[in-house]
Amino acid sequence: MSAELSPPARRVQEALHALGLTCQVVELPASTRTAPEAAAAVGCSVGQIVKSLIFRGQQSGQAVLALVSGANRVNEQTLTALLGEPVGKADADFVREQTGFAIGGVPPLAHAHPLRTFIDEDLLQYEEIWAAAGTPNAVFCFRSADLLRMTGGQVTQVK
């Protein structure tokens with residue numbers, strides 16, 4: 001862990017503490033940008049990695065956050081049904097504008113704007129899961145049971 005966290009990682013750490021969570025953000029020398037990279041870096045299964053994927057409502061322009069197990073892919077038709085409008089993957093500029101973070105480092109919380117959030121039910125099968133913490137090499141470990149409290153999201157099937 002770095003002696004001092006980078007500003008984006010520090011923002012995530014502060015948000016965790018504000019919720020009363022004792023999770024510790026760590027910045028690693030290796031990239032954690034993808035689920036396989038993150039799993040290898042922290043020594044867990046790919047399924048225990050939380051992928052934070054931003055989609056955009058094609059009619060409303062609304063940002064939508066899908067928190068997905070690293071072992072799964074989002075079915076955009078399922079997300080379309082949940083949102084009530086077609087969705088598409090957001091580009092890097094939209095992701096940064098809506099979350100305040102770059103792709104590859106988007107955490108499940110501490111976003112620049114409130115996001116409608118869907119949580120992959122498969123994440124809840126694990127006691128502990130890992131998520132990005134603001135940069136492509138920052139992560140934190142937490143109990144999957146805290147994901148709903150952390151995000152206010154809706155648990156659902158996303159694949």
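Numbers for the structure displayed
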item	result
Lone qualifier among PHE118, PHE140 - being under 14 Å from ARG11 (Cβ atoms), part of a strand (DSSP E or B) and of a type outside the set (Ser, Thr, Tyr)	PHE140
Criterion violated by PRO108 - all others in (1) surrounded by fewer than 20 Cβ atoms within 10 Å (Cβ to Cβ); (2) on the phi < 0 side of the Ramachandran plot; (3) of a type outside the set (A, V, I, L, M, F, W, C); (4) out of contact with any Asp or Glu (no Cβ under 8 Å at 6 or more places or on another chain) satisfied	(1)
Residues of the stretch 17-47 satisfying the condition of being part of a helix (DSSP H, G or I), among the aliphatic types (A, V, I, L, M) and touching a residue at least 12 places away in the same chain (Cβ under 8 Å)	ALA35, ALA38, ALA39, ALA41, VAL42, VAL46
Test result for GLN77, in a helix (DSSP H, G or I) and without any contact (Cβ under 8 Å) to a residue 40 or more places away in the chain	yes
LEU82 being of a type in the set (A, V, I, L, M), touching a residue at least 24 places away in the same chain (Cβ under 8 Å), within 18 Å of LEU147 (Cα to Cα) and not in a loop (DSSP other than H, G, I, E, B)	no
In the stretch 85-101, the residues that are out of contact with any strand residue (DSSP E or B) (no Cβ under 9 Å at 6 or more places or on another chain) and either touching a residue at least 60 places away in the same chain (Cβ under 8 Å) or part of a strand (DSSP E or B) (or both)	GLY100
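One line per residue, one yes/no per condition, for (1) of a type in the set (Val, Ile, Thr); (2) closer than 19 Å to PHE142 by Cα; (3) in contact with a Gly (Cβ under 6 Å, 6 or more places away or on another chain):
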| site | (1), (2), (3) |
| --- | --- |
| LEU16 | no, yes, no |
| VAL25 | yes, yes, no |
| PRO36 | no, yes, no |
| GLY61 | no, no, no |
| ALA81 | no, no, no |
| GLU85 | no, no, yes |
| ASP91 | no, no, no |
| PHE94 | no, no, no |
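Every read-out reported here was derived from the displayed coordinates using simple, explicitly stated rules and does not represent laboratory data. From a predicted model like this one, the values you see are computed outputs, not experimental measurements. Because the Cβ atoms are built from the backbone with ideal geometry, glycine has one as well, and the counts that use them run over all protein chains shown.
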